[in-house]
1. Can you tell me which of Ser169, Ser179, Ser185 is without any contact (Cβ under 8 Å) to a residue 12 or more places away in the chain and under 29 Å from Thr109 (Cα atoms)?
2. Going by the conditions given, is Gly246 of a type in the set (Gly, Ala, Ser), touching a Ser or Thr at 6+ places or on another chain (Cβ under 7 Å) and either at pLDDT below 85 or on the phi < 0 side of the Ramachandran plot (or both)?
3. Scan the stretch 268-278 and give yes if some residue there is out of contact with any Pro (no Cβ under 8 Å at 6 or more places or on another chain), of a type outside the set (Gly, Ala, Ser) and in a loop (DSSP other than H, G, I, E, B), otherwise no.
4. Any residue in the stretch 134-155 that's modelled with pLDDT of 75 or more and crowded, with 19+ Cβ neighbours inside 10 Å: show its pairings with residues that are among the polar types (S, T, N, Q) and not in a helix (DSSP H, G or I) at Cβ separation under 6 Å, as long as the two are six or more apart or on different chains.
5. Please pick out the residue among Ser373, Ser428, Ser378 that is at pLDDT 85 or above, assigned to a helix (DSSP H, G or I) and under 25 Å from Ser151 (Cβ atoms).
6. Looking at the stretch 214-241, which of the residues that are in contact with a helix residue (DSSP H, G or I) (Cβ under 6 Å, 6 or more places away or on another chain) and either in a loop (DSSP other than H, G, I, E, B) or modelled with pLDDT of 85 or more (or both) is surrounded by the fewest Cβ atoms within 10 Å (Cβ to Cβ)?
7. Quick one: which residue in Ile396, Ile401, Ile384, Ile427 is under 24 Å from Asn121 (Cα atoms), among the aliphatic types (A, V, I, L, M) and more than 20 Å from the chain's Cα centre (by Cα)?
Amino acid sequence: METINKKRANPTLYALPRLGTSIFMGIADFSLLFLYSSAYNLHPLLVGVALWSGKIAIALFQFLFGWISDHTHTKWGRRKPYIFILAPILSISFIFLLLPGLILGASATEMQLFIWFLIFNIIFNASYGITTPYSSWMAELFTKDERPKVSGISNIFNIIGSGLMAVFSMLVLTGVEDSLVADPSNIPPELLFPTIIVGILLIIFFYITGFGMPVEDTPKYETNMIEDLKRVFRNRNFLRVTLMQGIASIAWSIIGSQLLVILNDVFVLSQMEFIIIAGTMLLITIAGIMFWKTQIEKIGRKKTLIRIFMFGIIFTPFTLLGLIRFNSYLLVGIFVIASITISFGGWQIFPYIIYADIAEEDKKKDGELKAGSYIGFSAIPLNIFQAFGQFFSASILALPITYQFGAGEGSIGLVLWGPICAVIFGISIWFSRKFIKLDFSDEEEREV
């Protein structure tokens, strides 16, 4: 029987890379649509294709690295080799993805820019598969009782990363838009140096954790990929939870892509107003994580998740406030950001513990803890749904129906995405109520 590794694993050391990955993926999900469509003037449909392709790459490689690492047997364990190899690739591709002008110069054609975006977004997302071997440690080095604490520490680093991401996206990217439009090769220092520094820090964080964490147990599994996939498909609850996450992620993907766009193009906020919005987003994210963590402890995972979706249904349609004329859009922006962010803070809690719990529950059948296969496989449908969400998010900006907003003018799609997300959250609630289980045998099953 395989057991949790008894060597002492430091929760803070384990959680450290979350600071880098939350900045990386936060910027990728929150800023790339804005950066390439507004600053680099790439057609929204081409942006959508590149974003879609990146998510497909995540889907394939998160599963691939998860399954391969499950079956790796070295003196470094089964997870560390992939962390050491993939971290530099992830970092370099991130830098090139944000700064195409470094190589392409100022005279790149639209097709050259699209190919650059497509290639490096695929490489970036493929190397983000590092998170599957890394996340698998949750099930292998920490007991079920320890995981909420580890998740809480991880969320602290996520909060810090999310705050830095918000500041970078709202202040730096919007502030350098005009410079990049005029000359993409003339990269302002406030964009160039933070991008390179963040890329270097991610490598450092992963290497510190890689060298500092104990080596997990590395049993030699004889099963092949087909057999492991059959095992995954036999776990109906896992498949339903994964489908639920995929459905909801369409909405979260749209929200992440569109928030910066609506603030900049519809509400047309000033630099100082962006500072206020960024601070609001950070504080509300912290409050949301603390609030929803308390709710999980009081009422259980499933009921808490449904309430998070309910908040999304209530507040996402308020993007339609962009159709109304106000003397100032600062308060409108604060309200939209705060109301949506508090739900997003709750959603961030769940992925860290759900799949570790499911993998451990399944281990009771044959004693094998294959967290990499579970976490990796979940990425396939999840990222396919996210790919659709990002493609839709970019495509809706190409709607030919234009509208004179209170502070700007553009496609009606700039505000329609909110009500669309509310419908998706409604479907997520129905599916969660009817089909999934999140509170397992050692807890009292709570019916919603």
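The values are calculated or read from the model by the stated rules, or taken from the named source; none is laboratory data. Owing to the predicted nature of the structure, the values given are computational and were not obtained by experimental measurement. When we count neighbours, we look across all protein chains shown, and the Cβ atoms used for this are built from the backbone with ideal geometry, even at glycine.
1. Just a single option satisfies the conditions, and that option is Ser179.
2. For Gly246, the condition - of a type in the set (Gly, Ala, Ser), touching a Ser or Thr at 6+ places or on another chain (Cβ under 7 Å) and either at pLDDT below 85 or on the phi < 0 side of the Ramachandran plot (or both) - is not met.
3. Within the stretch 268-278, one or more residues are out of contact with any Pro (no Cβ under 8 Å at 6 or more places or on another chain), of a type outside the set (Gly, Ala, Ser) and in a loop (DSSP other than H, G, I, E, B).
4. Glu140/Asn5; Leu141/Asn5
5. Sole residue among the options that is at pLDDT 85 or above, assigned to a helix (DSSP H, G or I) and under 25 Å from Ser151 (Cβ atoms): Ser428.
6. Per the stated criteria, the residue is Arg240.
7. Ile396
Conditions tested, residue by residue: (1) closer than 20 Å to Leu32 by Cα; (2) within 23 Å of the chain's Cα centre (by Cα).
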| position | (1), (2) |
| --- | --- |
| Ala139 | no, yes |
| Asp145 | no, no |
| Phe157 | no, yes |
| Val167 | yes, yes |
| Met170 | yes, yes |
| Asp178 | yes, no |
| Val181 | yes, no |
| Asn186 | yes, no |
| Pro189 | yes, no |
